[in-house]
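For reference, the structure is listed below as structure tokens.
The values are calculated or read from the model by the stated rules, or taken from the named source; none is laboratory data. What you see is a predicted model, and the numbers here were worked out from it, not measured in a lab. Cβ sites come from the backbone with ideal geometry, for glycine too, and all protein chains shown count toward neighbours.
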Amino acid sequence: MAYQSPISPGISWYEETAGERPRYPALDGDRRADVVIVGGGYTGLSAAAHLARAGVDVTLVDAHRFGDGASGRNGGQLGTGQRTWAEELEAELGLTRARALFDLAEEAKAHLLDFAAANRIEIDYQPGQMSVAHKRRYVKDYEAHAAIMRERFGYPHLRFMDARETTERLGSSKYFGGVRDTGTGHIHPMKLTIGTARVAAEAGAHLFENTRATGISSSGGKVRVTTDKGTVTAEKGLVAVNAYGGELEPATAAHVMPIGSFIGATAPLSKDSAVLPGFESVDDSRFVVRYFRRAKDGRLLFGGREIYSTTEPAGIKDAIRRQIAEIYPDLRDIEITHAWGGYVGITLPRRPFVREVMPNVLSAGGYSGHGVMLSNFIGKLYAETIAGNRDRLRLLEELKIPPFPGGRALRAPLLFLALNWYALRDRI
């Protein structure tokens, strides 16, 4: 698989509304550093910011512009806990480890909001998120989930919604119930990306855009990242490419699979619109999840059409409009002002892939749609590791993440078949 490129058919609403987006130079010749980072998304930029503030000489390279990958194109929802429900982790790992992973994710949430506030990054944070059941038989699971979160994981902000309340809060009767989380919310992802890069640069990190890494190696106690514009030699390395690395590093490529996800932005809805009157975000119970929210200017941001290959699909606006109409029939003719796509990095168990893939080189990615807060925090944890404290990062490193089956030749076709089967089940 070639090095991933963004798959946007046009400018995203995020990019258009993010304000000034500074450009950073391309690498020009060879460099030396304490730490070299490949990937200028949330993970890499966060790591660069924390490392530079600690006095570490860090160089970061990205094949495109910062924010051209998932960090600038995602749904903007923070979520709570890990991607997998806490009780599912408890069943597999036991309560102690499940609680530790949940608490780590809660710290990640607090860190993101505190980091933005402390560094004057206006991320357009809006509180509230709802997870809703698109099938009646799932409702009891959501009701049980709210009780478990309160009683076993000490999280009081999540509560069950019956069908009536769900209809009122969504402005749609297409769902049968769910949970409402007042302890989380949603943000403008491009603004966070731009702001984190600014913090890293101001702290002294050396940031390079439009510099494609062509290889990474580790030998003789040195890490070398070759690019199309020079080589960076360092003591330590971080691979933070998530879904955008192609075959740059084989272990990451075997464990993190890119899937295409697409978002449409409507024209602003009227002030008296019944659609999400509380401006909260939503994700639903489909395997091919639909996620949507109201932006501050009143428009609906709706994501949900996914592909499981690297081919850019046609008719994104029409496909997104049809999905919106299934939930909000009155919006069947709504204008879609922007439509864009990007790759999400997933793993088989939907848990982050964090692993030392060669001596002195760590790789982190595979956030599986839950990366806004986790990826930023893992960047911070990586900086802690360089400072000598690996305890918290090790909690993620110890997660068992199997590779996708089929090897290089077959894993993409096998995933395509499997995920389309799940998409079919969503409709049954």
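Residues of the stretch 242-265 that are in a loop (DSSP other than H, G, I, E, B), crowded, with 20+ Cβ neighbours inside 10 Å and either on the phi > 0 side of the Ramachandran plot or in contact with a Ser or Thr (Cβ under 7 Å, 6 or more places away or on another chain) (or both): GLY245, GLU249, VAL256. The residues listed here are ILE378, ILE386; of these, the one that is β-branched (Val, Ile, Thr) and within 16 Å of the chain's Cα centre (by Cα) is ILE378. If you go through the stretch 327-363 and keep only what is aliphatic (A, V, I, L, M) and within 14 Å of PRO258 (Cα to Cα), you end up with VAL344, ILE346, LEU348.
Conditions (1) modelled with pLDDT under 95; (2) surrounded by fewer than 24 Cβ atoms within 10 Å (Cβ to Cβ); (3) touching a strand residue (DSSP E or B) at 6+ places or on another chain (Cβ under 7 Å); (4) closer than 21 Å to ALA364 by Cα, marked per residue:
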{"site": "VAL35", "(1), (2), (3), (4)": "no, no, yes, yes"}
{"site": "HIS50", "(1), (2), (3), (4)": "no, no, no, yes"}
{"site": "VAL58", "(1), (2), (3), (4)": "no, no, yes, yes"}
{"site": "ARG65", "(1), (2), (3), (4)": "no, yes, no, yes"}
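Within the stretch 228-241, the set of residues being of a type outside the set (D, E, K, R), on the phi < 0 side of the Ramachandran plot and either free of Cβ contacts under 8 Å to residues at least 40 places away in the same chain or surrounded by fewer than 22 Cβ atoms within 10 Å (Cβ to Cβ) (or both) comprises THR231, THR233. Taking every residue in the stretch 37-56 that is within 17 Å of HIS111 (Cβ to Cβ) and pairing it with any residue that is among the aromatic types (Phe, Trp, Tyr) and at pLDDT 95 or above, at least 6 positions away or on another chain, the pairs with Cβ-Cβ distances below 7 Å are LEU45/PHE66; ALA47/TYR382. Given the structure, is HIS134 surrounded by 18 or more Cβ atoms within 10 Å (Cβ to Cβ), in contact with a Ser or Thr (Cβ under 6 Å, 6 or more places away or on another chain) and modelled with pLDDT of 95 or more? Yes, satisfied. Of ARG83, ARG150, ARG159, ARG120, all but one fail to be among the charged types (D, E, K, R), at pLDDT 95 or above and within 26 Å of TYR382 (Cα to Cα); the exception is ARG120.
Counting residues that are modelled with pLDDT under 90, which strands (runs of 3 or more DSSP E) fully inside the stretch 266-328 reach at least 1? If you could, list the steps in order and put the result at the bottom.
Working: elements: 281-284, 291-294, 300-307.
Per the criteria, 300-307.
Residues in the stretch 341-369 that are outside any strand (DSSP E or B) and surrounded by fewer than 24 Cβ atoms within 10 Å (Cβ to Cβ): THR347, LEU348, PRO349, ARG350, ARG351, PRO359, ASN360, SER368, GLY369.
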